[in-house]
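The values are calculated or read from the model by the stated rules, or taken from the named source; none is laboratory data. Not measured: the values here are computed from a predicted model. Note that we place each Cβ from the backbone using ideal geometry, even for glycine, and neighbour counts take in every protein chain shown.
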Amino acid sequence: MSLVLATGGLGFIGSHTCISLIENGYDVLIIDSLINSYEETFLKLKKIIHLNKKAKKGKLFFIKGDLNNKNLLDKIFQEKISEGYPIKSVIHFAGLKSVAGSVLDPIKYWDTNINITMNVLSIMDKYNCNNFVFSSSATIYKPIDSGKLLETYEKTPLNPYGNTKLAIETILSDVFKSNKSKWKIVNLRYFNPIGAHPTGLIGDLPKENSSNLFPVISKVIFGKSKKLSVFGSNWPTKDGTCIRDFIHIIDLADAHVAALNYLEKNDPQILSINIGTGKGYSVLEIIKTFSKINKVELPHNFVKKRKGDVPYLVADNKLALELLDWSPKKSLELMCKDSFNFFKKNVFKISNSQLKSRKSI
Ligand code: WQD
């Protein structure tokens, strides 16, 4: 099988995708600066691979490195070529990803997200490595109040994070046009990835303080915060709270393998694909499901709307279903169960007995 470079491969989405790649026989080289991830995750990936006796097994390597260092990237590509094992594809996860963080520091977001991508693309071009999967986002779309977002819908990001993602898609379009007989590029537009690996060894644990819903829920459950603040109760939705297309991280990881397989089997092209379930759940439905499945209380109150939020973000995922021979398989209940299991085991290392002492519904 071929060697895939996973930039930012120790992050939430990258780490789960590396497991899917390895279990499908790819060899994976992770490069990660560890500014928003942990080296310990690499050891946990090795453990998960070891535990999974039945799957085909690729090999997994890790290099700590900053993609702003173009010479390091050049050296890595050269070394792999001299070893007779060139990097065939790149899945580009690396980048700053907090919507709130991008509003506070747009210069850092533009500088980082654009420059590291330009370094990766120019080294790939130098060494004729032309299969590229980009970690894009649903935040590039112009908000809608109902219906499902098609890939052809208008793109008007509401924050610098989304603007960098859209800018990179534009760069990729120009790169493709520069040599249409070489480049195979897919932009995977993620909706809301949640959940964790069933072993509970890896999950959503960024170094940067996350304002995302599930990491915040975990803080409430494990006593680090008193209540979950629900941002807005009078949105134009069925229960007044925002609706999102939550997708299990394992389904999202498998979509990357499907996208890579698609690129390898098809002619040079560039395409953008929504990766979501096509089902929307409100924040209140999440609270209810999480509490019920994990038998825990989730105290919450309603506060004012958060700047940059939109009422409704649900994918039309027909293109993914048709082209990628992929479909999301895991339920919202499993997303909540796996998420809880990871946080219990890793973030707050709380025992079952301690947990039992909390009032359960
Ligand atoms: C989800 C819902 C909040 C926290 C994320 C990422 C973005 C992109 C898309 C990949 C919203 C509500 C949240 C809280 C709340 N992913 N909420 N109280 O904003 O949809 O965007 O997914 O590119 O990078 O940020 O996700 O988890 O922050 O919020 O009420 O304390 O939960 O209003 O409706 P969001 P989120």
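Out of the residues in segment 99-147 that are of a type in the set (V, I, T) and modelled with pLDDT under 95, which is farthest from T237 (Cα to Cα)? Reasoning before the result, please.
Here is the first cut: in segment 99-147, the ones of a type in the set (V, I, T) are 99, 103, 107, 112, 114, 116-117, 120, 123, 133, 139-140, 144.
From what's left, modelled with pLDDT under 95: 99, 103, 139, 144.
Values: V99: 22, V103: 26, T139: 19, I144: 12 Å.
That would be V103.
Given (1) closer than 24 Å to K148 by Cα; (2) within 16 Å of the ligand (Cβ to nearest atom), identify the lone condition not met by D325.
(2)
State whether the residues of segment 89-99 include one that is in contact (Cβ under 8 Å) with a residue 40 or more places away in the chain and either more than 17 Å from the chain's Cα centre (by Cα) or part of a helix (DSSP H, G or I) (or both). Lay out the reasoning, then the answer.
First pass over segment 89-99, keeping only residues in contact (Cβ under 8 Å) with a residue 40 or more places away in the chain: 89-99.
Within this subset, residues satisfying the condition of being either more than 17 Å from the chain's Cα centre (by Cα) or part of a helix (DSSP H, G or I) (or both) are 89, 99.
Looking through segment 89-99, at least one residue is in contact (Cβ under 8 Å) with a residue 40 or more places away in the chain and either more than 17 Å from the chain's Cα centre (by Cα) or part of a helix (DSSP H, G or I) (or both).
I'd like the full set of residues that are touching a strand residue (DSSP E or B) at 6+ places or on another chain (Cβ under 9 Å) and either away from the ligand (no atom under 16 Å from the Cβ) or farther than 30 Å from G278 by Cβ (or both), limited to segment 124-147.
M124, Y127, C129, N130, N131, F132, G147
Can you name every residue in segment 78-122 that is among the β-branched types (V, I, T) and under 12 Å from L5 (Cα atoms)? Lay out the reasoning, then the answer.
As a first pass, look at segment 78-122 and keep what is among the β-branched types (V, I, T): 81, 87, 90-91, 99, 103, 107, 112, 114, 116-117, 120.
Within segment 78-122, I87, V90, I91, V120 meet the criteria.
Given the structure, is L150 within 12 Å of the ligand (Cβ to nearest atom), surrounded by fewer than 21 Cβ atoms within 10 Å (Cβ to Cβ) and not acidic (D, E)?
Details: within 12 Å of the ligand (Cβ to nearest atom): no; surrounded by fewer than 21 Cβ atoms within 10 Å (Cβ to Cβ): yes; not acidic (D, E): yes.
No.
Within the set of pairs 6 or more residues apart or between chains, which connect a residue that is in a strand (DSSP E or B) inside segment 240-257 to a residue that is away from the ligand (no atom under 14 Å from the Cβ) and of a type outside the set (A, V, I, L, M, F, W, C) with Cβ atoms less than 6 Å apart?
Going by the 6 Å Cβ cut-off, the qualifying pairs are I247/P328; H248/K330.
Can you say whether T289 is in a helix (DSSP H, G or I), crowded, with 18+ Cβ neighbours inside 10 Å and in contact (Cβ under 8 Å) with a residue 40 or more places away in the chain, as far as the supplied structure shows?
Numbers: in a helix (DSSP H, G or I): yes; crowded, with 18+ Cβ neighbours inside 10 Å: yes; in contact (Cβ under 8 Å) with a residue 40 or more places away in the chain: yes.
Here the answer is yes, as T289 does meet what is asked.
Output the residue which, of all residues in segment 182-239 that are polar (S, T, N, Q), more than 10 Å from the ligand (Cβ to nearest atom) and part of a loop (DSSP other than H, G, I, E, B), is farthest from V90 (Cα to Cα). Talk me through it step by step, then tell me what you get.
Just the residues of segment 182-239 that are polar (S, T, N, Q), to begin with: 187, 192, 199, 209-212, 218, 225, 229, 233-234, 237.
The next check asks that each one be more than 10 Å from the ligand (Cβ to nearest atom); those that pass are 187, 199, 209, 218, 234.
Still in the list and also part of a loop (DSSP other than H, G, I, E, B): 199, 209, 234.
Working: T199: 27, N209: 28, N234: 43 Å.
Among them, the one singled out is N234.
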